[in-house]
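One structure is given here, and the rest of the page talks about it.
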Amino acid sequence: MSEVFDPAFFDFYAALPQQGPGRDSETLHVLHRIADRLPAQPRVADLGCGTGRTTLALAAALPDAAVTAIDFSDAFCQRLRDETTHRNLGSRIHIHEADMAAPPIAPSSLDLLWSEGAVYNIGFENALSLWRPLLKPAGYAVISECTWLSDDRPHAVSEFWAAAYPSMGTRTENVSRATAAGYEIIDTHTLAAEAWADYYDPITKAIEDGNAAQLGPAFIAELEQERAIFAASRGSYGYVFYTVKPRRRA
Ligand SMILES: C[S@@+](CC[C@H](N)C(=O)[O-])C[C@H]1O[C@@H](n2cnc3c(N)ncnc32)[C@H](O)[C@@H]1O
C-alpha cells in the first residue's frame with residue numbers, strides 16, 4: 001500500500017477487501033505450522049491490521065483466542081469494528097487506533113504477534129526490536145516483509161525499490177536481522193504470487209470504474225506503476241513470512 005496521509009486515500013483503501021498482498025489460505029498455511037504450539041486460549045495481536053482481513057482469519061482459526069488489532073487509520077479501524085460487530089466477535093477482537101511502533105500492549109503478554117504487509121512502515125529491524133519485549137518467552141511472531149528473492153532483478157525493478165524501500169533485504173539478510181535482534185528462526189514462507197492479484201485486481205477495477213478519481217492522476221499513476229513493476233519483476237521480490245520466537249538468553 002502506498003502511503004499518502006490524506007483522508008481520501010484511507011477512504012479509498014477502506015473500501016477495498018484488503019490493503020496489501022495476501023490471502024487467507026496463505027495466512028492460515030503459516031499459522032497452522034505453529035498453531036499446535038500455542039496455548040489453548042492464546043493472546044494474539046495483529047499489528048498494522050488494516051480493515052482486518054488477517055485479524056478475522058486469525059480469530060476464526062483460533063476460536064478461543066483474544067485478538068488485539070492495531071492500526072493508525074480510523075477509517076480502517078471503523079470498518080473492522082463494523083465487521084466485528086456483524087460477526088458477533090466484539091468480545092474477542094479488541095481494536096485500537098494506535099501507532100504499531102508504540103502499541104498499547106503489555107510487555108511479555110503475547111503468545112502470537114502477527115503483522116502482514118505492514119512492517120515496512122516502521123522498518124523491519126526497528127520492529128523486531130520494538131516488538132520482542134511484547135512476547136511471552138514462549139511466544140511467536142509472524143511478520144511478513146517485502147524481500148528480494150533473487151539477484152536476477154530487472155533494472156527498472158531495482159530502481160523502483162531503491163527509491164521506495166532502500167532497506168529491503170534478501171531472505172538471508174532478514175534472517176540475520178532477526179537473529180541479531182534476539183530471535184530464533186522457526187520458519188519462512190514466500191507468499192504465493194497469485195496473492196498479489198487479490199490486492200491489485202480490486203484496485204485496477206476501482207480505477208477502471210472511475211472510483212479512484214478522488215486520489216488524483218499522479219497517485220493513480222503510482223498505483224499503476226507499482227503493479228507494472230511487480231508484473232515485470234521476474235519473481236525477484238515478494239513477501240516472505242518470517243516465523244520467529246525469542247531466543248533464550250544463554
Ligand atoms: C499494506 S497495509 C496491510 C494491512 C493488512 N495487514 C493487510 O494485510 O491487508 C499496511 C497497514 O499498516 C498501517 N500502518 C502504517 N503505519 C502504521 C503505524 N505506524 N501504526 C499503525 N498502523 C500503521 C496502515 O494504515 C495499513 O493499514
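Data for the structure
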| quantity | calculated |
| --- | --- |
| Some residue of the stretch 52-68 being within 13 Å of the chain's Cα centre (by Cα) and under 16 Å from residue 99 (Cβ atoms) | no |
| Pairs, first assigned to a loop (DSSP other than H, G, I, E, B) in the stretch 227-250, second of a type in the set (D, E, K, R), C-beta under 8 Å, six or more apart | 233/153; 234/152; 234/153; 236/151; 236/152; 236/153; 247/184 |
| Search result, residues across the stretch 1-51 that are within 12 Å of the ligand (Cβ to nearest atom), among the charged types (D, E, K, R) and in contact (Cβ under 8 Å) with a residue 40 or more places away in the chain | 3, 23, 26, 46 |
| Conditions (1) part of a helix (DSSP H, G or I); (2) buried (at least 16 other Cβ atoms within 10 Å of the Cβ); number of the one not met by residue 60 | (2) |
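Residue-wise test of (1) in a strand (DSSP E or B); (2) aliphatic (A, V, I, L, M).
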site	(1), (2)
25	no, no
30	no, yes
46	yes, no
76	no, no
81	no, no
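FYI, it's all coordinate maths here, none of it is from the lab. Everything numeric here is computed off the predicted structure, so don't read it as measured data. Glycine also receives a Cβ, built like all others from the backbone with ideal geometry; neighbour counts cover every protein chain displayed.
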